[in-house]
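The values are calculated or read from the model by the stated rules, or taken from the named source; none is laboratory data. Quick caveat, the model's predicted, so the values are computed rather than measured. Note that we place each Cβ from the backbone using ideal geometry, even for glycine, and neighbour counts take in every protein chain shown.
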Amino acid sequence: GQEPVISELRKPLVPASRNLSEYFKQFLFPQNECELHDFRLSFSQLKWDNWIVAPRRYNPRYCKGDCPRAAGHRYGSAAHALVQNIIHETLDPSVPRPSCVPASYSPLSVLTVEPDGSVAYKEYEDMIATRCTCR
Amino acid sequence: SQASRGEAQIAASAELEFEAEPWSSLQPVDGKDPSGLLPPLFKVLSDGPGGAPRLQPDSRALLYMKKLYKAYATKEGIPKSSRSHLYNTVRLFSPCAQHKQAPGHQATGILPSADLLFNLDRVTAVEHLLKSVLLYTINNSVSFSSAVKCACDLLIKEPKSSGKNLPGAPHSFTFNSQFEFGKKHKWIEVDVTPLLQPLVASNKKIDMSVNFTCTREQQRQPSARDSPFHMALLAPPSLILYLNDTSAQAHHSWHPLHGARRPAQGPDQKSKLAAYPVGEEAAEDARISRRRR
């Protein structure tokens, strides 16, 4: 059984540093990780500017990206996210990985013209995502 | 056996009724939002712009509300944390009907008194009145060196059904204001909270007549500079209501978890507060668990 070992040893050694960094990269900086993204819209695009006077632009933001096992702890997500990842990877791939969702929001102030011609200033809760987590 | 069979039938029919009951009471009659709670923003977010055509607001009123918006929120629409007030809703109503009673008198600054009708249908049951103000837009081309003193006689009338005025003399109160004129548009706010507080919650229409008189405090000879008191009223006053929307969708800057103080509870809200000890308990638990950590 020495042949395969010898043939393995004869293979040109790829610089380990490159392989090693590639290997760790998948853990240290997983690609398109779960994070907050901007989405700036103006109410004129929705043709609502005839009744929403302010703000002119609105950025509700959204969460997008993967929730790899290694990064589970990074978002303040519950330990359950880690467990779900392990189930997905080792027991049953039909169980999905945790999802990347907003963890906290900030309110939005809106100035609107009402159907009867009156003008209203209102502050609405939970209109802008401010942080993401894996759930 | 006859009696027991009868009782069993009665019980069965009662049960059937009970099962039928809850659905009919929950099903909305017109298929729309039964509680009327959803503010227009959410209605549009949920079922698209559509909707009936809108009446256009008075341009000066809109200008005032835009200034208010800039004072309360950033350009991106985030409520400024520096503001100390407790209202999360401000509604401005222009009078939907106005009958002039007595003409004004520009030389002495008596403004034309008028009969004003405000339609408050947009105020929802969850919006509690904190303050109400009559807003006059004054355009004045003359700057005065001396202060101006104004008196306002307000008569609030019973809703049309009774057709008679509220008992007692017209509500009148005087307020002193130092008006610095010179800007194109100037607003005068007359606080009418004590008068409207009992009405806003119960009435959807408020009918009032307002008599507004302003005179200069020093009665010295008018110099060439102080030409007669040209106080031309640009428009009948608007009514502004500062409200606290208690629904879940509205932002409550005083929320215990935000650390600010809770507003003074009105008598009728104490019971509601007792009904929701959860907020207090949750905040207490948070404090205890934080201390324990």
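Could you list, in sequence order, all residues of segment A:87-104 that are out of contact with any Ser or Thr (no Cβ under 6 Å at 6 or more places or on another chain) and either modelled with pLDDT under 90 or of a type in the set (S, T, N, Q) (or both)?
Correct list: A:Thr90, A:Ser94, A:Ser99.
Just the residues that are assigned to a loop (DSSP other than H, G, I, E, B), at pLDDT 80 or above, surrounded by 13 or more Cβ atoms within 10 Å (Cβ to Cβ) and at negative phi, please, taken from segment B:40-85.
B:Pro57, B:Asp58, B:Glu76, B:Ile78, listed by residue number.
Pairs, please: C-beta under 9 Å, at least 6 apart or cross-chain, first residue more than 7 Å from every other protein chain (Cβ to nearest Cβ) and in segment B:62-79, second surrounded by fewer than 19 Cβ atoms within 10 Å (Cβ to Cβ) and not in a strand (DSSP E or B)?
Every condition considered, the pairs that remain are B:Leu63/B:His185; B:Tyr64/B:His185; B:Ala71/B:Lys80; B:Ala71/B:Arg83; B:Thr74/B:Lys80.
What residue, among those in segment B:119-159 that are basic (Lys, Arg) and closer than 19 Å to B:Tyr242 by Cα, is modelled with the highest pLDDT?
Across segment B:119-159, the extreme among qualifying residues is B:Lys131.
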